[in-house]
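Structure record follows, encoded as structure tokens.
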Amino acid sequence: MSENTVYSEYRRGELTVYYITDKSGRIGLSILPAGTGDGASYADREIAPLAELYVRGDRLPSGYANGATMCGSESTGRMRLARQYMRGDDIVTELSDGCGRQIRHTLIFRDRAVEVRTEFINGTSSPLTLEMISSGSIGMLSPLTAGEQSRALKIVTFRSHWSSEGRMSVETAEALDLEVSWQRSGVRVHRIGEAGSMPVRGYFPFLGVIDSEHGIIWASSVSAASSWQMEARRRDTGLAVTGGLADYDFGHWAKTLLPGESFAAPPMYMTAVTGGIDEACDALLDAERIKKPHNLTELPVMYNEFCTTWGNPSHENIKSIIGALSGRGFEYLVMDCGWFRNKEHGWWETVGDWDVDTETLFPEGLERTVRMIRDSGMVPGIWFEPEVCGEHSKMREREDMLLHRNGHVIDTGSRRFLDMRPPAVRDYLRRKVIGLLNSCGFGYVKIDYNDCIGVGCDGAETLGEGLRQNMEASLDFYRELRMSCPGIIMENCSSGGHRLTPAFMEEFDMASFSDAHECVYIPIIAANLHRLILPEQSQIWAVLHGSDSLRRIQYSMVNTFLGVMCVSGDIYTLGEDAWRVVLDCIAFYKRVRHIIRDGASRIYRGGVSPENDAYRGPEGWQAVVRTCGGETLAVIHAFGREHGGEIRLPVCADRIESVSALDGEAEISLHDGTLSVLMPEDFTAAAVYLKSGS
């Protein structure tokens with residue numbers, strides 16, 4: 001049995017952090033909600049080290065783990081506590097193997113979560129090659145439950161694919177084969193991750209652990225810009241969670257450090273809360289909110305013309321759109337892809353050259369169209385995909401400016417990828433992207449990204465390190481863009497939601513939440529993303545058509561109350577009744593958008609479908625209740641069959657201020673803190689604004 005003791009304890013607000021040591025000097029981390037630590041026990045479990053690493057040439061992990069994880073290697077096992085101290089309010093813990101290898105682990109309190117930063121320093125006299133270093137690690141879960149914790153621990157992940165982002169999965173440790181072996185001699189590992197430049201292409205970099213006996217959730221997320229991995233790992237009765245860059249096994253990553261050099265892993269956020277998954281995700285998002293841009297003081301009403309012109313914007317059709325939008329409360333008008341299109345090859349295959357089509361689309365130049373948008377009282381925006389080039393672009397032939405793998409240009413058929421590291425590429429993008437934004441006077445830019453580099457590229461020690469360097473250079477360019485275009489608002493898009501990670505969301509004002517523009521399951525995705533990105537950064541589209549029923553228009557517009565409102569579609573074909581619905585929804589949105597920006601969400605689902613089942617044929621109902629101080633916004637959707645009963649929602653309110661619903665579509669009442677809603681028809685939507693107190 002391990003002889004573990006609490007080495008130090010720090011409490012800030014709602015969290016208590018414990019550093020646990022054993023008699024050999026190893027040290028690990030435990031986090032608990034404040035006030036729950038009295039029942040914790042660390043005696044019968046091995047410490048999960050504060051940081052995991054592997055240095056090439058050391059012994060790899062045993063216990064049938066080699067190839068499944070690089071955690072538990074000799075490199076980690078040699079590290080011992082050197083010292084711990086405070087740097088301001090941050091806790092710094094230094095580890096050493098006594099031979100020059102050092103780890104500096106910094107824990108920063110971020111409201112209801114912590115941010116962890118891990119740095120490796122080569123203090124030896126020889127080069128060392130890292131093949132793995134964790135961003136963060138937490139172990140001995142759950143310290144509140146003794147023994148094997150049979151069926152008590154559940155693992156939470158969020159799956160994600162194109163147009164079906166953020167599907168939550170909750171499985172017992174046993175279902176994932178993380179059950180303790182009879183002799184505690186085999187390492188069990190459940191690893192998730194992504195390889196490539198679309199870090200949200202199968203999973204979000206999030207992993208949670210629920211102690212169902214005590215109602216506590218531990219949640220972690222990695223600030224990944226490219227390949228990453230997270231794993232739940234178990235050898236004895238305690239469970240460990242580790243996350244960071246994809247290692248050599250998983251993402252072909254290694255980094256050689258000369259004597260005196262260091263390498264910092266990407267940050268990782270961690271929390272422990274009493275309650276449910278919504279509370280845990282809120283805590284992590286609060287930590288990310290501190291670092292995000294703050295250019296937008298209130299959420300805008302936007303129009304993007306993509307689902308209107310479908311890649312064929314021109315001065316004349318933008319003029320028609322302005323005529324339809326004028327005086328109706330819209331604040332931004334974004335020209336999407338196609339303003340550079342080629343007559344022969346269109347726009348998809350000519351991205352990368354960024355030459356305005358002045359022959360047919362904008363014969364008097366793009367500046368005239370931008371002026372026209374500004375004169376109408378709206379902020380003009382434009383679409384770019386700066387990191388790639390299309391099959392029929394001139395840039396495609398500039399192979400010296402493109403990424404290679406094993407000596408060959410990386411070519412996915414529809415995209416080649418700019419090498420964002422060389423000065424020549426940065427100069428090109430300054431001229432073509434930043435130059436156009438400034439010369440025309442754009443106030444908004446949508447940055448898209450529509451393919452994946454894959455495991456990596458040439459130009460560094462390994463393909464994975466090449467990829468990491470390239471993606472860091474991409475983020476550096478976007479930071480430069482922001483500084484070079486004062487006041488610009490930046491949108492992060494990657495075929496919708498393939499880059500919704502903290503690394504990107506901390507650099508962009510908002511993001512395209514998905515590409516499910518015209519699907520009835522938009523509100524399911526939008527609600528799921530309340531747990532993964534800030535709703536104030538989640539741009540949700542309402543694509544409208546003149547042929548839509550009023551019920552469908554109301555449904556589409558209410559979807560946008562789950563984030564930033566963005567309208568698209570055939571708005572100049574809408575009739576008066578349809579416009580009346582749209583304008584009523586815009587007025588309602590402007591009244592509640594501060595709650596969307598500053599509130600906290602709780603998600604409720606009922607009817608015949610379990611959580612997140614069958615996006616394509618949604619059934620039952622969903623409600624998102626978002627509360628900010630004494631104000632509440634409830635957004636309710638009825639889907640397919642068996643939703644017709646009364647929906648009852650707990651709210652902290654004593655009166656209804658206003659309702660967004662079609663006449664006769666919803667019966668809504670409030671009594672003793674319960675909001676009751678009855679929507680008997682399929683695919684209807686309503687929103688309710690409530691208050692409490694004076």
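The values are calculated or read from the model by the stated rules, or taken from the named source; none is laboratory data. Keep in mind that this is a model prediction, so the values were computed, not measured. Every residue, glycine among them, receives a Cβ derived from its backbone with ideal geometry; neighbour counts consider all protein chains shown.
The sole residue among Gly147, Gly186, Gly166 that is touching a residue at least 60 places away in the same chain (Cβ under 8 Å), touching a Phe, Trp or Tyr at 6+ places or on another chain (Cβ under 6 Å) and surrounded by fewer than 18 Cβ atoms within 10 Å (Cβ to Cβ) is Gly186. Summed over the stretch 311-347, the residues that are more than 23 Å from Arg431 (Cβ to Cβ) and in contact (Cβ under 8 Å) with a residue 24 or more places away in the chain give a count of 21. Pairing residues of the stretch 614-625 that are among the charged types (D, E, K, R) with residues that are at pLDDT 90 or above and in a strand (DSSP E or B), at Cβ distances under 9 Å and at least 6 apart in sequence or on separate chains, gives Arg616/Ser164. Condition first: out of contact with any Leu (no Cβ under 6 Å at 6 or more places or on another chain) and assigned to a loop (DSSP other than H, G, I, E, B). Now tell me which residues in the stretch 405-422 satisfy that. Hits for the stretch 405-422 are Asn406, Gly407, Thr412, Gly413, Ser414, Arg415, Met420, Arg421, Pro422. Counting only residues that are modelled with pLDDT of 95 or more, more than 19 Å from Ala175 (Cα to Cα) and not in a loop (DSSP other than H, G, I, E, B), the stretch 113-160 holds 22 of them. Beta carbons closer than 9 Å, at least 6 apart along the sequence or on distinct chains, pair a first residue in the stretch 552-580 that is over 15 Å from Tyr303 (Cβ atoms) with a second that is part of a helix (DSSP H, G or I) and among the basic types (Lys, Arg) for Phe561/Arg593. Glu344 - would you say it is at pLDDT below 95 and assigned by TED's automatic domain parsing to the domain that holds Asp427? Yes: the conditions hold for Glu344. Just so you know, in the stretch 170-211 the residues that are among the small types (Gly, Ala, Ser) and within 26 Å of the chain's Cα centre (by Cα) include one that is farthest from Ser494 (Cα to Cα), and it is Ala173. Are any of the residues in the stretch 407-424 under 30 Å from Val301 (Cα atoms) and not aliphatic (A, V, I, L, M)? No. Taking the condition touching a Cys at 6+ places or on another chain (Cβ under 6 Å), aromatic (Phe, Trp, Tyr) and not assigned by TED's automatic domain parsing to the domain that holds Gly196, does Trp383 pass? Yes, satisfied.
From the list Glu213, Glu231, the lone residue that is acidic (Asp, Glu) and either buried (at least 24 other Cβ atoms within 10 Å of the Cβ) or assigned to a strand (DSSP E or B) (or both) is Glu231. If the condition is being farther than 13 Å from Pro386 by Cβ and either free of Cβ contacts under 8 Å to residues at least 12 places away in the same chain or surrounded by 22 or more Cβ atoms within 10 Å (Cβ to Cβ) (or both), then the stretch 428-450 contributes Phe442, Tyr444. Number of residues in the stretch 457-470 that are more than 19 Å from the chain's Cα centre (by Cα) and under 25 Å from Ser514 (Cα atoms): the value is 2. Applying the criterion of at least 3 residues that are among the hydrophobic types (A, V, I, L, M, F, W, C) and crowded, with 19+ Cβ neighbours inside 10 Å to the strands (runs of 3 or more DSSP E) found wholly in the stretch 1-105 leaves 15-21, 27-33.
Restricting Tyr572, Tyr589 to residues that are under 25 Å from Glu165 (Cα atoms) and not assigned by TED's automatic domain parsing to the domain that holds Tyr444 narrows the list to Tyr589. The selection criterion, being over 30 Å from Pro259 (Cα atoms) and in contact (Cβ under 8 Å) with a residue 40 or more places away in the chain, does not hold for Leu128. Screening the stretch 567-583 for residues that are buried (at least 16 other Cβ atoms within 10 Å of the Cβ) and part of a helix (DSSP H, G or I) and picking the one that is modelled with the lowest pLDDT gives Ile571.
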